[in-house]
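Just below is one structure, and these are the notes that go with it.
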Ligand code: PTJ
């Protein structure tokens, strides 16, 4: 598929560039067709959040980096959208935190898992878990293809990072006693509500910020434990929801004043 040329002065250039990456990923079977819809949903929430990393998101990014760094066995779960958007960033984060990378798909097929593995390897990954026969263990509570996990990865992990997730697995992983770090632009989703640490931000912005936070916190492990002790996910999530509410009020007020001027 041929990429479209986005004019340099287009007001929504960044958003369109990200969209192109998803479309390209879909053409290579990395992104599921439903992944296009999921992306559109994310764009909607990103618009409401002002398309920037908020204070609550930064708090959660620090907590997420601390959770990965203090884990015995951290694993970053990668699906199609994540691979298409931030393959290099995920590898960087895994390298800093000592996390494994595991492919875990809702719409699993041999073709897709192989395409995602190849994309990750091209980006520099060496040991991609969860592909082919490696996904031989099962999460008993789950009915979807997401139940298939690697016995050396998610099954035995104590901290699992799940970007762009669907709620069932987050709940199942929590039931298994794992710490779940979610990245989800929708603060109302089941994943966002159920995860231990929820980063309400675009994965494109959050991933390099996670790597930066991890690089800094790695020098001060005492600080990591302190961050985790004081982090309150429910309160932090409420912060993201309030932010949306305030932005909507501001926009509504502007509309109203324009109406009066007219
Ligand atoms: O690759 P697969 O087969 O594992 O399938 C992946 C998708 C994303 C299709 C699957 O997990 C799915 O259906 O997810 P949902 O239930 O649509 O949830 C995706 C969530 O991610 C939604 O809450 C979106 O708002 C959010 N989201 C979308 N794009 C981004 C995002 N969050 C952060 N950054 C984004 N760029």
- line: residue 30 meets each of (1) in a helix (DSSP H, G or I); (2) touching a residue at least 24 places away in the same chain (Cβ under 8 Å); (3) within 28 Å of residue 129 (Cα to Cα) with one exception, condition (1)
statement: Per the filter on the range 15-52, residues at pLDDT below 90 and either within 12 Å of the ligand (Cβ to nearest atom) or buried (at least 18 other Cβ atoms within 10 Å of the Cβ) (or both) are 15
message: Whether any residue in the range 114-125 is more than 13 Å from the ligand (Cβ to nearest atom) and over 25 Å from residue 202 (Cα atoms) is what I want to check.
response: yes
In the range 115-128, residue farthest from residue 151 (Cα to Cα) [restricted to those that are in contact with a helix residue (DSSP H, G or I) (Cβ under 8 Å, 6 or more places away or on another chain) and surrounded by 15 or more Cβ atoms within 10 Å (Cβ to Cβ)]: 123
Single match in 145, 171 (criterion: under 17 Å from the mean Cα position of the chain (by Cα) and within 16 Å of the ligand (Cβ to nearest atom)): 171
task: Could you figure out which of (1) under 26 Å from residue 39 (Cα atoms); (2) more than 12 Å from the ligand (Cβ to nearest atom) isn't true of residue 105?
output: (2)
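Yes/no matrix, rows are residues, columns are (1) closer than 17 Å to residue 49 by Cα; (2) in contact with a strand residue (DSSP E or B) (Cβ under 9 Å, 6 or more places away or on another chain):
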{"site": "165", "(1), (2)": "no, yes"}
{"site": "181", "(1), (2)": "no, yes"}
{"site": "184", "(1), (2)": "yes, yes"}
{"site": "190", "(1), (2)": "no, no"}
{"site": "217", "(1), (2)": "no, no"}
{"site": "259", "(1), (2)": "no, no"}
statement: Inside the range 53-93, the number of residues satisfying the requirement of being within 15 Å of the ligand (Cβ to nearest atom), assigned to a helix (DSSP H, G or I) and under 19 Å from residue 177 (Cβ atoms) is 1
- prompt: Wholly within the range 117-234, which strands (runs of 3 or more DSSP E) include no fewer than the required count, namely at least 1 residues that are without any contact (Cβ under 8 Å) to a residue 40 or more places away in the chain?
  reply: 179-183
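The values are calculated or read from the model by the stated rules, or taken from the named source; none is laboratory data. Remember, predicted model here, so these are calculated numbers, not experimental data. Note that each Cβ is placed from the backbone with ideal geometry, even for glycine, and that neighbours are counted across all protein chains shown.
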